[in-house]
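Read through the structure below, which is laid out as structure tokens, and then see the notes.
Only the coordinates and a few stated rules stand behind these numbers; no lab work does. Computed from a predicted structure; not experimentally measured. Using ideal geometry, Cβ is built from the backbone for each residue, glycine included, and neighbour counts are taken over all protein chains shown.
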Amino acid sequence: MRCHWGSLSIEHTDTHADRRRTVNQIRRSASQLDRARRRPAAGSIDLRSGGLGPPGGKSAASPNLVRNLLAGAVADVQRDLKFVCHMGVCGAARLLVWLALVMFLACAVLVHLSLDFPFHAADAHKHFWPLTDWRFHSPLSYWNDHHHARWVGVLELGLVLISMAVLWQRFHSRWVRAALLAGLTSLAAVPMFFWWTLG
């Protein structure tokens, strides 16, 4: 007679030695099944035991696993911090460039207003609007001959030529010098246009 228990097949006998042998086989099989049931699943992590397997179970993994996991986490955090810092520096640099451009344009507007203020007679602007509607009517004009426009024009042309000469000596880039030549051409073209159209 044969008895099947799990994957174990046992032949039944009546002798005392055979019965003892059968009991030992059953105990060994039960011990093997218990060890198989407690064996950790592949890929599971047991941080309490420092290796692979279910929490609280036995593990045969390397004891350096937790250390390697922590080192990888620290490396990830460092990489993320470097990325954030890099983006922050790039963003701050871009913001500074835009602020410098805005400051440059604001200064250009202020210079224009400061030079506009003393050279408008009858067509004076409201320079302090919206605080007040007051206008400063200057005795000088950059275009009205009745308010010394010729002398103002000569002064303006001299200042522009001196400024262009300084910039020409300071910057040797072809683009800068091409822009200066274009500005000089426009400076000569605008009066010629008004002289040609208005007579």
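Does region 136-199 come out rounded, prolate or oblate, given a ≥ b ≥ c as the square roots of the eigenvalues of its C-alpha gyration tensor, rounded meaning a/c under 1.5 and, failing that, prolate meaning a/b above b/c? Verdict is oblate for region 136-199.
From least to most packed, judged by other beta carbons within 10 angstrom and beginning with the fewest, 87, 164 follow the order 87, 164. Extending 7 Å from the Cα toward the beta-carbon at both residue 22 and residue 108 defines two label points whose distance is 10.6 nm.
Taking the Cβ of each residue in 120, 127 as the centre, tally the other Cβ atoms inside 10 Å and list the residues starting with the fewest. Please report the intermediate quantities before stating the final value.
Numbers: 120 20, 127 15.
Arranged by neighbour count, lowest to highest, 120, 127 become 127, 120.
Output the relative contact order of region 136-199, whole-number percent, from Cα pairs under 8 angstrom with separation of 6+ residues. List each step's numbers first, then the result.
Working: 22 pairs, mean separation 8.7, N = 64.
Relative contact order comes out at 14 percent.
Ranked by Cβ crowding within 10 angstrom, fewest neighbours first, how are 104, 136 ordered?
Working: 104 10, 136 13.
With the sparsest Cβ surroundings first, the list reads 104, 136.
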